[in-house]
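Data first, discussion second: the structure below is written as structure tokens.
Coordinate-derived values only; no laboratory data. Please read these numbers as outputs of a predicted model, since none were measured by experiment. A quick note on method: Cβ atoms are made from the backbone with ideal geometry, for glycine too, and the neighbour counts reach across all protein chains shown.
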Amino acid sequence: MIYDFLKEKKFGYTTGSCVVAGAYCGIYYLKHNIKLNIVELENSKNDKLIIPIEDVKLGKIATIKNINNTGKIKPNRATTIVKKFSGEDIDITNGIDIVVDVELLKMEKDKPKIEIVGGNGVGIVTKDGLQIKKGEYAINPKPREMIKNNIINLLDDDERAIIKITIPKGEELAKKTLNPKLGIIGGISILGTTGIVRPMSNEAYKESLAPQIDVALANNYKKLIFTPGNIGTKYAKIKYGVDDDNIVEVSNFWSFMLDKAVEKGVKDILIFGHSGKIIKLAGGIYDTHSKVADARNEILTAYSSPFINDKQILKNILYSNTTEEIIKILEKENILHEVFNLIAERVVERVSSRWEGIKFSCVIIDMKGDILGSHIYS
């Protein structure tokens, strides 16, 4: 299949694809003195990716130069700029410049044919458990493989290439990602399994969430705390005295992250977080984004009904504007903890039947971190 991003605006390309395109374009320019406007690449599935190039020029610094057959000095360094395009997917890297410096050198003994390094704006790994070793730049294996597979045929037998990646806005953008929590400091990661970003799939974001599980397991945590986000993380640390590495933020992607937990051999999970998200799990909703499904009031009405006979009160719950408003109604009726204990129990029942082999517990809190209900595995 051909993914022509100049025509098809629904699909996008990953940071990894941008680097591959930049590296290819830079080497091609050095060898043929031709500036490419687009580059056609191939991923591991033999899909064709056609990616536009923003700019290509000779590198500002050419410390080593080659002499060509005419006796003239031949530049050996070029800089390419590729503008990241995410299609219709939600991605904070959309529109950023990815700068790729390529340098051609004579092949040397014990030197790699293709060397890939990071520069400013590319994160450095500082924790165990990720695909990249501590101390190395956060350039994932698949993009590395894709770079090598696409440019190897451009190089002569006696040539080697150094590919350096710089993300001018990378350090700033990294603060809006999970990289600091994962122990990736100083910039973003170069990601992409297929090189393709599919519309509204949130693939890149999911890919950034999953390594949290690896970090937790690498630190020998046996019971992981799964939470939707910041509120759960904050109060999990306060209530249980755990480290960041023991907590896995799943955002809205419970199904994806629980599948990953099974895949990676996790045996014990505490589901912990704010009521607005957790109660959806009791209704079998495992993508908790409001655009996907929002049955909070219906679920709370259903689980309140065994304790309330007054139909008007149940109607008030059903048509409340917020979960906090419902909490106040349940407090007034003195059934707050009974309702949320029942919901927590149902959450555990549902996830246990779907993700077998994991012991689940559930604790539901309010915005202040107070426990509304719980069901602890015994």
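Values as computed for the structure displayed
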read-out: Loop-located trypsin sites (Lys or Arg not before Pro) in segment 248-330 whose Cβ has at most 14 other Cβ within 10 Å (DSSP); value: Lys264, Lys267, Lys291
read-out: Point-to-point label distance, Asn94-Val262, nm (Cα→Cβ direction, 7 Å offset); value: 3.2 nm
read-out: Selection of trypsin sites (Lys or Arg not before Pro), segment 109-215, meeting DSSP coil and at most 12 other Cβ within 10 Å; value: Lys109, Lys133, Lys134, Lys175, Lys176
read-out: Flagged links, alpha-carbon separation over 24 Å, of Lys127/Lys148; Lys181/Lys291; Lys84/Lys133; Lys84/Lys291; Lys113/Lys181; Lys127/Lys264; value: Lys127/Lys148; Lys181/Lys291; Lys84/Lys133; Lys84/Lys291; Lys113/Lys181
read-out: Within-11-Å neighbourhood charge of Tyr137 [Cβ basis; K, R +1; D, E -1]; value: +2
read-out: At R0 = 51 Å, FRET efficiency that the Cβ-Cβ distance of Glu338 and Leu58 yields, to 0.05; value: 0.10
read-out: Residue order, fewest to most beta carbons within 10 Å, for Ile116, Ile343; value: Ile116, Ile343
read-out: Percentage of interatomic Cα-Cα distances in segment 211-375 larger than 28 Å; value: 20 percent
read-out: DSSP beta bridge pairing in the chain, given as percent antiparallel to the nearest 5; value: 60 percent
read-out: Shape metrics for the chain, restricted to C-alpha atoms - Rg then Dmax, Å; value: 25.5, 95
read-out: Nearest-20 debye value, the chain charge dipole, Cβ charges on Lys, Arg, Asp, Glu; value: 800 debye
read-out: Phi-based couplings in Hz for segment 241-252 (Karplus 6.51, -1.76, 1.60; Gly and Pro marked x); value: x, 8, 7, 4, 5, 7, 10, 10, 8, 9, 6, 9
read-out: For Ile184, distant residues with modelled amide H under 5 Å away; value: Thr126
read-out: When segment 91-216 is reduced to its Cα atoms, the Kirkwood hydrodynamic radius in Å; value: 15.5 Å
read-out: Nonlocal amide H pairs with Ile139, under 5 Å, H built at 1.01 Å; value: Ile190
read-out: Which of Asn230, Leu300, Ala23, positive extreme of dipole for the chain (C-beta unit charges); value: Ala23
read-out: Phi to ³J(HN,Hα) by Karplus 6.51 cos²θ - 1.76 cosθ + 1.60 over segment 302-318, Hz, x for Gly, Pro; value: 5, 7, 8, 4, x, 10, 10, 9, 6, 5, 5, 5, 4, 5, 4, 5, 4
read-out: Residue among Val39, Ser353, Tyr286 farthest towards the positive dipole end of the chain, charges placed on Cβ; value: Val39
read-out: In sequence order, calculated HN-Hα J values of segment 323-338 (Karplus, 6.51, -1.76, 1.60; Hz; x Gly/Pro); value: 5, 4, 5, 5, 4, 5, 5, 5, 5, 4, 8, 6, 10, 4, 6, 4
read-out: Equivalent ellipsoid dimensions for segment 290-337 as semi-axes, Å, which come from the Cα gyration tensor, largest first; value: 18, 11, 9
read-out: CD proxy at 222 nm, helix term only [per DSSP H run n ≥ 4: -39500 (n - 2.57); per residue of the chain; nearest 500]; value: -10000 deg cm²/dmol
read-out: Segment 180-296 - Kirkwood radius from inverse mean 1/r over Cα pairs (Å); value: 15.1 Å
read-out: Separation between Cα centres of segment 106-173 and segment 295-364, rounded to whole Å; value: 50 Å
